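The values are calculated or read from the model by the stated rules, or taken from the named source; none is laboratory data. In this text the structure is predicted, and so the values were computed from the model without any measurement. Neighbour counts are summed over all protein chains in view; Cβ atoms, including those assigned to glycine, are modelled from backbone coordinates with ideal geometry. When the accessible area is computed, the model is the full protein with side chains, heavy atoms only, and any ligands, DNA or RNA have been set aside. Shrake-Rupley method; radii C 1.70, N 1.55, O 1.52, S 1.80 Å.
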Amino acid sequence: MLTLLAFIVTLGLLVTVHEYGHYWVAKRCGIKVQTFSIGFGKPLLTWQRGETTWQLAMLPLGGYVKMLDEREAPVAPFEQHRAFNQQHPWKKIAVVLAGPMANLILACALYAGLNGYGFDAMRAVAGQVAVDSPAARAGIRSGDEIVRVGEHDIETWDQLFIALIDEAGGDTPIEMKVRSPGEGERTVALPPVAVSQISPQLPTSLGLLVAPLSSRIAQVTPGSAAARAGLRAGDTIVALDGLRLKDWSALQAEIARRGGQAVELTVKRDGREVALTATPEVATVDGRKVGRLGVVPSLDQTRWAAQRVHLQYGPVEAIGQGLSKAWTYARITLVMFGRMLVGAAPLDQISGPVTIAVYAGESARAGIGVYIDYLALISLSLAVLNLLPIPLLDGGHLMYHTAELLTGRPVPARLEAIGQRIGLALLLGLMALALFNDFNRFLPG
């Protein structure tokens, strides 16, 4: 029920804000708005407010604002000056842009409000550094706190992500300042990050993982080297061939180097130490042979709690941080969509209503701050998606009206009709792909 309620609130609010943007600017431009609908299909609830019919419709996956238009139905002579098609191109462009801009403003306001109210975040601490990753080769170790990237001072994991994106695209190493527990600060250099590497998983692709892992085993893969050696869930691996292990990273590095070789593991079990012999299996990762034990480590709850921090900003800084975050995530969305169009990113990153519903529910369960952050992100994504130059979307209409502004005459009805059919085919295909990804992601098997 919480997932369903969170989904309805999320979609209802974002669609209402988007359509109200169109409505508000249309009214200011003197255009008659006949219908304001949240949802498509048969109306479930209608009411009249002035000259506009407001309604809630059966399919809650969008909405629309219907304006007086001679291309859709005859218009009385005394109202022709209020028809959308009779307006100057600049007014048409303003009405079209108003929907995405309303979602963009909402996202910025939510981010700014959350910054002013205060929220829990994760400190920019490398909970885990992947073996032989760019971060590991640069000298970053598990437990290091990243305090500066280029010219950006860093407090949280989100700020680290934004800073890495801002530094991407250069041909020189990215200078980072890190602080190691008990050792003070030092400077390291990550290899240059190409624009093509920008994705929501950018820190992970560099080997920086937020979750601190312990050497305590949470799960043993059946039939794995660990299972054959007698390892059990709840065991803590404390040494390998007599070498005491500080954390999971150290164990992972040693296992990776010893694929196919017998190793002696010292395990703490039920308060005593037990010696077991295991032979890590050999696996191929990115063309390299590495050893695999077949265990899932537990989260280090003590370090995880220590990495959490509560942040709160003053009014001016809260707005600045909100605008910066909105701009950065808008850029990420555009870059990722462009990469998918040229085949440089997998299409399984496209999500649909099922994914939105699931994550809306999960974020609501995690707390109001997490839900507001998610709501802002979806509002931002809706703004960017609607500005894509696809007929039927606001970006497609923007193309038509810009062409009219430049040529002095409207786009021919026949050409616009062809564009509408192409746009409908593209959107149906996109929706089918999104639903396929949703069901593939969440349905068992």
(request) Can you tell me which residue within region 130-155, out of those that are open to solvent by 10 Å² or more (accessible area, probe 1.4 Å) and part of a strand (DSSP E or B), is nearest to residue 331 (Cα to Cα)? (result) 152
(message) among the hydroxyl-bearing types (Ser, Thr, Tyr), touching a Lys or Arg at 6+ places or on another chain (Cβ under 8 Å) and at pLDDT 90 or above: which single residue out of 277, 266, 236 fits that description?
(response) 236
(request) Output the number of the condition that residue 196 fails; it satisfies all remaining conditions of (1) at pLDDT below 85; (2) assigned to a strand (DSSP E or B). (result) (2)
(message) among the acidic types (Asp, Glu) and modelled with pLDDT under 85: which single residue out of 167, 151, 185, 175 fits that description?
(response) 167
(message) Given the condition open to solvent by less than 50 Å² (accessible area, probe 1.4 Å), within 30 Å of residue 311 (Cα to Cα) and either of a type in the set (A, V, I, L, M) or not in a loop (DSSP other than H, G, I, E, B) (or both), answer yes or no: does some residue in region 232-250 qualify?
(response) yes
(request) Could you tell me whether residue 121 is buried (at least 17 other Cβ atoms within 10 Å of the Cβ) and over 30 Å from residue 401 (Cβ atoms)? (result) yes
(request) Would you please list the contacts, defined by Cβ atoms under 6 Å and residues six or more apart or on different chains, that run from a residue in region 385-401 that is within 14 Å of residue 426 (Cα to Cα) to a residue that is of a type in the set (Asp, Glu) and at pLDDT 90 or above? (result) 386/394
(message) With the structure loaded, tell me whether residue 189 is hydrophobic (A, V, I, L, M, F, W, C) and surrounded by fewer than 20 Cβ atoms within 10 Å (Cβ to Cβ) or whether it fails that test.
(response) yes
(request) Considering only residues that are hydrophobic (A, V, I, L, M, F, W, C) and closer than 30 Å to residue 84 by Cβ, look in region 1-23 and name the one that is modelled with the lowest pLDDT. (result) 11
(request) Please work out if residue 298 is hydroxyl-bearing (Ser, Thr, Tyr), crowded, with 19+ Cβ neighbours inside 10 Å and closer than 30 Å to residue 158 by Cα. (result) no
(message) Filter region 375-427 down to the residues that are under 23 Å from residue 15 (Cβ atoms), outside any helix (DSSP H, G or I), at pLDDT 85 or above and open to solvent by 50 Å² or more (accessible area, probe 1.4 Å) and list them by number.
(response) 387, 389
(request) Inspect all residues belonging to region 165-173 and state whether any of them is part of a strand (DSSP E or B) and either touching a helix residue (DSSP H, G or I) at 6+ places or on another chain (Cβ under 8 Å) or of a type in the set (Val, Ile, Thr) (or both). (result) no
(request) Please find, among 75, 96, the residue that is among the β-branched types (Val, Ile, Thr) and without any contact (Cβ under 8 Å) to a residue 60 or more places away in the chain. (result) 75
(message) Which numbered condition in (1) touching an Asp or Glu at 6+ places or on another chain (Cβ under 9 Å); (2) in a loop (DSSP other than H, G, I, E, B); (3) within 26 Å of residue 157 (Cβ to Cβ) is the only one that residue 187 fails?
(response) (2)
(request) With the condition kept exactly as written, say whether any residue in region 105-116 is within 35 Å of the chain's Cα centre (by Cα), at pLDDT 90 or above and β-branched (Val, Ile, Thr). (result) yes
(request) Return the only residue of 58, 101, 67 being under 27 Å from residue 12 (Cα atoms) and either without any contact (Cβ under 8 Å) to a residue 24 or more places away in the chain or among the small types (Gly, Ala, Ser) (or both). (result) 58
(message) Based on this model, can you work out whether residue 198 counts as in contact with a Lys or Arg (Cβ under 9 Å, 6 or more places away or on another chain), over 24 Å from residue 121 (Cα atoms) and open to solvent by less than 30 Å² (accessible area, probe 1.4 Å)?
(response) no
